[in-house]
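S.K.: Below is a structure I'd like to ask you about.
The values are calculated or read from the model by the stated rules, or taken from the named source; none is laboratory data. All values derive from a computational prediction rather than experimental measurement. Reconstructed Cβ throughout: ideal geometry from the backbone, glycine too, with neighbour counts over all protein chains shown.
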Amino acid sequence: MTEYQIITPSAAMMALPDAFSGRETDALYGEAVTLIKRQDDWVEVVLETDGYQAWVETISLGQLPPATHHIIAPRALLTVTPDIKSPALGYLPLGALICAEADHEDQNTLAVIGADGIKGYIPQHHALPLGQYCTDYVSVAETMIGTPYRWGGRDSIGFDCSALVQLSLAAAGQKVMRNSGDQEKTIGTTLDHIDDLRRGDLVFWKGHVGIMADGQRLLHANMHHAMTAIEDLRSALPRLEKAAGPITRLARI
């Protein structure tokens, strides 16, 4: 088996080798994948981050230098020079893994080393060295408010509910599984009652998960708002129960 990295901002991982077969998740820039088999312009891969197996287009794969940092901003704009006014090469989403070094001309900038040694530049505070993490995962999730909802989306241009939880926790140094059903089974300790909820607790329904911004408000990527939004949990419960059934678990990380 051969290991590659994702060299585009993200790569849609599809159920079948077909762009219209249904998005399973996204692999992010710098994440490692192991190749299983090829079919035309597609490869079946396993995403090292969480073990997800699906198909990606071969154009998204390549070889990158070893990662040194992870992106903690919603999106880091990659520019041609350290000057933020210079042309943009693209963006790097929350959770992307990059090889970067401090820029000698501008200490507020990181030089990102891409495939074939090509360089781009991002603001230094948009990334942290591997092994260093954000202190509050809810604060990371709050930066995603207004991000469009996207079924299967894991790139911060469009999230689903469990990707918001997974990547926010990853920015704070906690690795969790990708799907809400698996998260429900494996994350934290169970709380007894909705009145026990506080900031950072998770609320699960069948096929859905949200993060408590405090004891009353739920932060979640959801189809009703078509974005990541905050709303009063108790006010939203009738709508959520109609869509997904009763709450199945309350968890504290």
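S.K.: Across region 127-174, which residue is nearest to T109 (Cα to Cα) among those that are in a strand (DSSP E or B) and among the small types (G, A, S)?
M.R.: A127
S.K.: Ok, one more. Any residue that is part of a loop (DSSP other than H, G, I, E, B), in contact with a strand residue (DSSP E or B) (Cβ under 9 Å, 6 or more places away or on another chain), of a type in the set (D, E) and over 21 Å from L47 (Cβ atoms) - is there at least one of those in region 183-194? So that I can check it myself, show each step before the final result.
M.R.: Of region 183-194, the ones part of a loop (DSSP other than H, G, I, E, B) are 187-188, 191-193.
Keeping just the survivors that are in contact with a strand residue (DSSP E or B) (Cβ under 9 Å, 6 or more places away or on another chain) gives 187-188, 191-193.
So of that shortlist, the ones also of a type in the set (D, E) come out as 192.
Now restrict to residues that are over 21 Å from L47 (Cβ atoms): 192.
Taking every residue of region 183-194 in turn, at least one turns out to be part of a loop (DSSP other than H, G, I, E, B), in contact with a strand residue (DSSP E or B) (Cβ under 9 Å, 6 or more places away or on another chain), of a type in the set (D, E) and over 21 Å from L47 (Cβ atoms).
Let's see how each residue does on (1) in contact with a helix residue (DSSP H, G or I) (Cβ under 6 Å, 6 or more places away or on another chain); (2) surrounded by 18 or more Cβ atoms within 10 Å (Cβ to Cβ); (3) farther than 20 Å from W151 by Cβ:
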| position | (1), (2), (3) |
| --- | --- |
| G188 | no, no, yes |
| D196 | no, no, yes |
| W205 | yes, yes, no |
| V209 | yes, yes, no |
| H225 | no, no, no |
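S.K.: Consider region 1-57. How many of its residues are over 24 Å from H70 (Cβ atoms) and not in a strand (DSSP E or B)?
M.R.: So the answer is 11.
S.K.: Only one of these is over 21 Å from the mean Cα position of the chain (by Cα) and of a type in the set (G, A, S): G95, G146, G117, G90. Name it.
M.R.: After applying the criteria, what remains is G117.
S.K.: If we scan region 110-126, do we find a residue that is assigned to a loop (DSSP other than H, G, I, E, B), outside the structural domain of R23 (by TED's automatic domain parsing), touching an Asp or Glu at 6+ places or on another chain (Cβ under 6 Å) and farther than 23 Å from L47 by Cα?
M.R.: No, because not a single residue in region 110-126 is assigned to a loop (DSSP other than H, G, I, E, B), outside the structural domain of R23 (by TED's automatic domain parsing), touching an Asp or Glu at 6+ places or on another chain (Cβ under 6 Å) and farther than 23 Å from L47 by Cα.
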